[in-house]
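Below is one structure, written out as structure tokens; comments come after it.
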Amino acid sequence: MPGLFRPRHHVAPRPDLPQRVGPDATAVVVGGGIAGVSAALVLAERGVQVELLEAAPHLGGRLGTWDRTLADGSEVVVEHGYHGFFRQYYTLRDLLRRIDPDLGFLRDVGGYPIASRPSVGWEPEDFTALPRTPLLNLVALVLRSPSFKLSELRHVNADEALAMLHYDPVRTYAEHDHRSAAELLDSLGFSDRGRAMLFEVFAHSFFNVEERYSAAEFLAMCHFYFTGNPEGLGMDAPTEDYRTALWEPFTRLLEKHGATVTTGARAVALRPDGARGWAVDVEREPARHARHLVVATDVPATRDLVAASPELVATAPGLARGIASLPGGEPYVVARLFCEGDVDPGRAVFTGVTRERVLDSVTLFHRLEGGSARWAAAGPGPRSVVELHSYACPAGTSRDELVAAMREELAALWPEAADLRVVDVDAHRYTNAPGFDPGYHLVRPGVLTDARGLRLAGDWVACDVPSALMERAAVTAVTAANDVLREEGAAPEPMRSIPPRGILARRPRA
Ligand SMILES: Cc1cc2nc3c(=O)[nH]c(=O)nc-3n(C[C@H](O)[C@H](O)[C@H](O)COP(=O)(O)OP(=O)(O)OC[C@H]3O[C@@H](n4cnc5c(N)ncnc54)[C@H](O)[C@@H]3O)c2cc1C
């Protein structure tokens, strides 16, 4: 990998500082998704006495799992939905190596095509085979992809297109956060097919529609996943359900380091607690007290929690304003279909879908995950477990209408899917994804807040380090933990990332 694109430490190891904190450092972490578990783990490893409070009966948040008895009587574990673990998720992967040093629980899902229904007339296209090195990947895209014909390039607005290569965490937001990704895409001048195949699918996978998605955020994502990413577009996924692969091992590790993991514990208010630090009021349980507090809840929950905490609002008006104005993402639906029959053997494990009203992706779980494969193999004939996602649903449409529409769209995409006999469906509609509307960057709260000792972590928290989704949850969590360690006089947890700026961005003067 050329040096220019090599992952770099944005937090370097500090062997000169103590690795462990003193005996009386305490912390409460609210929220047990990736962000909360990551923060709690780093703190517990360094000797902080941590309690992790999670409202749900299980850890995981948007990677949570639950048991379900299917109509045929079989017991299965269902998850919140397919997740791609990309290879530039360096912080997340460093945390995952604590539970599995070789990351053996992840497998390469292989190529994943972007497809549209046959009547649109576009062959499915797989971008994962592009070279991994930035710039070479762009050149190969333009030379190889039928969606980006050389003859059409003269229509492309070069200044706008180069904004991806000029990505800078300060300048890009200053110049592009006021407008939407749709406006940026309109002005780029790519062909309809290029726009549909690459950009629309991409914008939706952040639970946003282009019209409501900041152009700056979109450019940051282009940098993180493509133009600045030396690891390529390949992704890995767990071979067992998330409870088995992630949450049980993380719970054991947290407890081994002395942390307390309390599920079914909903924080209802946060209060400054004088010299002691923070108090967390918990539904039907005694309040918790700690010197340090990490709030790692999702956007709607954080809004509710802050609104129910008048003493916090009085102490930290900046935080309160930022949280109150935070936009939410679009509603999304995940439907797992347990079917008799299977789709064609040549279908990819994961397929991104473009130009459908609701269907954004299809995952063949019986070809990916142990539990689903076992259920499929237990039938008298072929069976399949097909998961459908709609990442940015039309608002005001019910879960059942959306699931029915996704099933119709699947049959239009893959004609053989019309013959599947669905024996059970596990479907959910959620509204807890973060929004990245134009104009919000300046008011988006970061990890550190004007409430001393209270840090935020999660995939919605502002962060200069290139990251998104699960990796942003992990990066903000370790940043929050590092601030606690700094205050306790201990060395920070080292962190690596892809280059912070695009290849053409002006470097700050040394
Ligand atoms: C269908 C789907 C597909 C996705 N695909 C990908 C993908 O391919 N790649 C990728 O990188 N990311 C993907 N994501 C995004 C990823 O899931 C999130 O970015 C990540 O899980 C966010 O983690 P988090 O810890 O910030 O938030 P969450 O997981 O939302 O965790 C917040 C936790 O706080 C808890 N909580 C809320 N209120 C309280 C309270 N009052 N007291 C105590 N606890 C509380 C919640 O129960 C929850 O467990 C996907 C998400 C979904 C939904």
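The values are calculated or read from the model by the stated rules, or taken from the named source; none is laboratory data. This is a predicted model, so every value here is computed, not measured. Cβ atoms come from the backbone with ideal geometry, glycine included; neighbour counts cover every protein chain shown. Areas reflect the complete protein model, heavy atoms only, side chains present, ligands, DNA and RNA absent. Shrake-Rupley method; radii C 1.70, N 1.55, O 1.52, S 1.80 Å.
A few comments on the model shown:
- Criterion (touching a helix residue (DSSP H, G or I) at 6+ places or on another chain (Cβ under 8 Å), outside the structural domain of Ser384 (by TED's automatic domain parsing) and assigned to a loop (DSSP other than H, G, I, E, B)) met by exactly one of Gly32, Gly47: Gly32
- Checking each residue in segment 18-40 for being crowded, with 24+ Cβ neighbours inside 10 Å and either among the small types (Gly, Ala, Ser) or within 8 Å of the ligand (Cβ to nearest atom) (or both) picks out Ala27, Val30, Gly31, Gly32, Gly33, Ile34, Ala35, Gly36, Val37, Ser38, Ala39, Ala40.
- The lone criterion from (1) assigned to a helix (DSSP H, G or I); (2) modelled with pLDDT under 90 left unmet by Ala129 is number (1).
- Residues within segment 186-216 that are among the hydrophobic types (A, V, I, L, M, F, W, C) and more than 23 Å from the chain's Cα centre (by Cα), tallied: 2
- Segment 423-433, subset of a type in the set (Val, Ile, Thr) and open to solvent by 40 Å² or more (accessible area, probe 1.4 Å), residue nearest to Val333 (Cα to Cα): Thr431
- Qualifying positions in segment 8-64 - touching a Lys or Arg at 6+ places or on another chain (Cβ under 7 Å) and among the hydroxyl-bearing types (Ser, Thr, Tyr): Thr26
- Here His176, His155, His166, His204 are screened, and the one residue that is outside the structural domain of Cys463 (by TED's automatic domain parsing) and open to solvent by less than 30 Å² (accessible area, probe 1.4 Å) is His176.
- Breaking point among (1) in a loop (DSSP other than H, G, I, E, B); (2) more than 16 Å from the ligand (Cβ to nearest atom); (3) not polar (S, T, N, Q), for Val422: (1)
- Enumeration of residues in segment 468-501 that are buried (at least 24 other Cβ atoms within 10 Å of the Cβ) and small (Gly, Ala, Ser): Ala473, Ala474, Ala477, Ala480, Ala481
- Any chance Gly64 is open to solvent by 10 Å² or more (accessible area, probe 1.4 Å) and within 16 Å of the ligand (Cβ to nearest atom): no
- All of (1) in contact (Cβ under 8 Å) with a residue 60 or more places away in the chain; (2) in contact with a strand residue (DSSP E or B) (Cβ under 7 Å, 6 or more places away or on another chain) hold for Glu75 with one exception: (1).
- When every residue of segment 400-419 is checked against the conditions, none turns out to be in contact with a strand residue (DSSP E or B) (Cβ under 6 Å, 6 or more places away or on another chain) and surrounded by fewer than 18 Cβ atoms within 10 Å (Cβ to Cβ).
- Those residues of segment 98-138 which are closer than 29 Å to Ile503 by Cβ and either small (Gly, Ala, Ser) or open to solvent by 60 Å² or more (accessible area, probe 1.4 Å) (or both), in sequence order: Asp108, Gly110, Gly111, Asp126, Ala129, Arg132, Leu135, Leu136
- Number of residues in segment 375-395 that are over 14 Å from Leu70 (Cα atoms) and not aromatic (Phe, Trp, Tyr): the value is 13.
- Residue check, Thr69 away from the ligand (no atom under 12 Å from the Cβ), open to solvent by 50 Å² or more (accessible area, probe 1.4 Å) and either modelled with pLDDT of 95 or more or touching a strand residue (DSSP E or B) at 6+ places or on another chain (Cβ under 7 Å) (or both): yes
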